[in-house]
Amino acid sequence: MLPDRGLADKQHVGLKGKKVQLTYLFAANADGSKKLPPLIIGKAYKPRAFKNKTGEQLGFIYWNNAKAWMTAMIYQEWLLDWDEKLRREGRKILLLQDNFSRHVIPDTLTNIHIENFEPNLTTHVQSNDQGIIHCFKAHYRAKFIH
């Protein structure tokens, strides 16, 4: 006969652990010498970990929504802000991106020309998929565990 585990243990049967979800957007030039601050999307409006600072004060751009997912509105705001910075610098760029449905391109871009990769091609040609994101996740997990 198994011992009675008590009410506290019975309440936890079938419960899943708390999952913290974040979405990251990384952008860099072809050789990696120029990187934009990462765009991070989380669930919390003001995460406690920020200790009353903004994402920009911490070195990244932060947005939030209920599922911590990329939305067309967040993507367009990010692109328009970057386009404005490039316009002030007098620079024009070509942005290569995957064909994710939320990557809706605003009509008003002047200094960013965008081309989408063909479906199922990004892991073969996109440098971020070939190690940069993997290294970031490894460093993130190590710091999170520490």
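When the range 23-144 is described by a simple charge dipole with +1 on each Lys and Arg Cβ and -1 on each Asp and Glu Cβ, the residue from L79, I112, F50 located farthest towards its positive end is F50. Modelled label positions at N111 and N99, each set 7 Å beyond Cα in the direction of Cβ, lie 3.0 nm from each other. Working note: Karplus 6.51/-1.76/1.60 with θ = phi - 60° gives the range 29-46 the couplings 6, 4, 9, x, 7, 10, 10, 7, x, x, 9, 10, 10, x, 8, 7, 5, 10 Hz, where Gly and Pro are set to x. Cα centroid separation, the range 31-49 to the range 50-127: 11 Å.
Placing pseudo-labels 7 Å out from each Cα toward the beta carbon at A72 and S33 gives an inter-label distance of 3.8 nm.
Can you work out the FRET efficiency for the pair R141 and R88, with r the C-beta to C-beta distance and R0 = 30 Å, to the nearest 0.05? According to the calculation, E is roughly 0.20.
From the cross-link list K46/K85; K35/K85; K67/K92; K35/K92, which pairs have alpha carbons spaced over 23 Å apart?
K46/K85; K67/K92
Here the Karplus curve 6.51 cos²θ - 1.76 cosθ + 1.60, taken at θ = phi - 60°, turns the phi angles of the range 108-116 into couplings of 8, 5, 10, 10, 10, 9, 10, 10, 8 Hz, with x standing for Gly and Pro.
None of the figures in this text is laboratory data; all of them are computed from the coordinates on show. All figures in this text were calculated on a predicted structure; none of them were measured in a lab. We place every Cβ from the backbone using ideal geometry, glycine too, and count neighbours over all the protein chains shown.
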